[in-house]
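The values are calculated or read from the model by the stated rules, or taken from the named source; none is laboratory data. Remember, predicted model here, so these are calculated numbers, not experimental data. Every residue, glycine as well, gets a Cβ built from its backbone with ideal geometry; the counts of neighbours run over all protein chains shown.
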Amino acid sequence: MLHLIKAIGTFCIILTTFLTQTQAEEIWLTTDYVKPFKTSQPADQIIIGNPGIADVRVRDESHILLYGISPGTTNMFILDENGDVINDLILRVRAVGDNVVIFQRGMERTTYNCMIVCEPTVTIGDGSSFSNVTEQIERRSQQIANSPN
């Protein structure tokens with residue numbers, strides 16, 4: 001009987017320990033989209049495991065914007081001013097959203113956004129069209145920056 005009481009006591013201690021551990025919250029993001037997130041208390045520090053997969057923009061001490069950069073999974077901790085964990089998050093980033101069509105021709109990939117009419121769009125992983133469009137965007141940005149107001 002004493003062994004049974006010890007076993008039940010041990011089980012209760014293990015169960016209590018397991019149930020009080022914090023579980024990481026899972027959040028799904030899509031590349032090139034922003035998702036708002038509100039912390040339960042003011043945040044002092046945000047740590048992202050791999051900023052090449054997801055990034056964050058801080059609006060204020062309780063509101064942040066999560067941004068999907070490239071497909072993959074990473075984690076993020078939000079800490080208070082004492083360094084205690086407010087949120088433990090798993091960020092999972094999907095490659096595409098709705099209305100996206102990907103054509104694969106051998107090693108060359110092209111992505112199209114097909115909301116009303118299919119139009120080519122720049123997506124990480126696309127072939128030479130990605131670098132061509134990126135160069136055009138950079139040139140256009142430079143023209144805008146150098147133009148007189």
Name the residue that is nearest to the chain's Cα centre (by Cα), counting only residues in the range 32-60 that are of a type in the set (D, E, K, R) and under 24 Å from Pro71 (Cβ atoms). Asp55
For residues in the range 106-127 being small (Gly, Ala, Ser) and more than 16 Å from Ile69 (Cβ to Cβ), which is modelled with the highest pLDDT? Gly106
Residue by residue through the range 73-109, note down the ones that are part of a strand (DSSP E or B), out of contact with any Asp or Glu (no Cβ under 7 Å at 6 or more places or on another chain) and under 20 Å from Gly127 (Cβ atoms). Val100, Val101, Ile102, Phe103, Gln104, Arg105, Glu108
Taking Phe103 and the conditions (1) modelled with pLDDT of 85 or more; (2) farther than 22 Å from Glu25 by Cα, which numbered condition does it fall short on, given that it satisfies the others? (1)
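Might you check whether a residue that is surrounded by 15 or more Cβ atoms within 10 Å (Cβ to Cβ), under 30 Å from Asn132 (Cβ atoms) and at pLDDT 80 or above occurs anywhere in the range 7-30?
Of the range 7-30, the ones surrounded by 15 or more Cβ atoms within 10 Å (Cβ to Cβ) are 27, 29-30.
If we keep only those that are under 30 Å from Asn132 (Cβ atoms) too, we end up with 29-30.
Checking which are at pLDDT 80 or above leaves us with 29-30.
Yes, some residue in the range 7-30 is surrounded by 15 or more Cβ atoms within 10 Å (Cβ to Cβ), under 30 Å from Asn132 (Cβ atoms) and at pLDDT 80 or above.
Suppose we keep only residues that are under 19 Å from Ala54 (Cα atoms) and over 8 Å from the mean Cα position of the chain (by Cα) within the range 68-84. Which one would you say is surrounded by the most Cβ atoms within 10 Å (Cβ to Cβ)?
Of all residues in the range 68-84, those under 19 Å from Ala54 (Cα atoms) come to 68-79.
From what's left, over 8 Å from the mean Cα position of the chain (by Cα): 70-72, 75-79.
Working: Ser70: 15, Pro71: 16, Gly72: 16, Asn75: 15, Met76: 24, Phe77: 16, Ile78: 22, Leu79: 15.
Among them, the one singled out is Met76.
Taking the condition assigned by TED's automatic domain parsing to the domain that holds Ile27 and loosely packed, with under 10 Cβ neighbours inside 10 Å, does Gly52 pass? Give the steps one after another, and end with the answer.
Numbers: assigned by TED's automatic domain parsing to the domain that holds Ile27: yes; loosely packed, with under 10 Cβ neighbours inside 10 Å: no.
For Gly52, the condition - assigned by TED's automatic domain parsing to the domain that holds Ile27 and loosely packed, with under 10 Cβ neighbours inside 10 Å - is not met.
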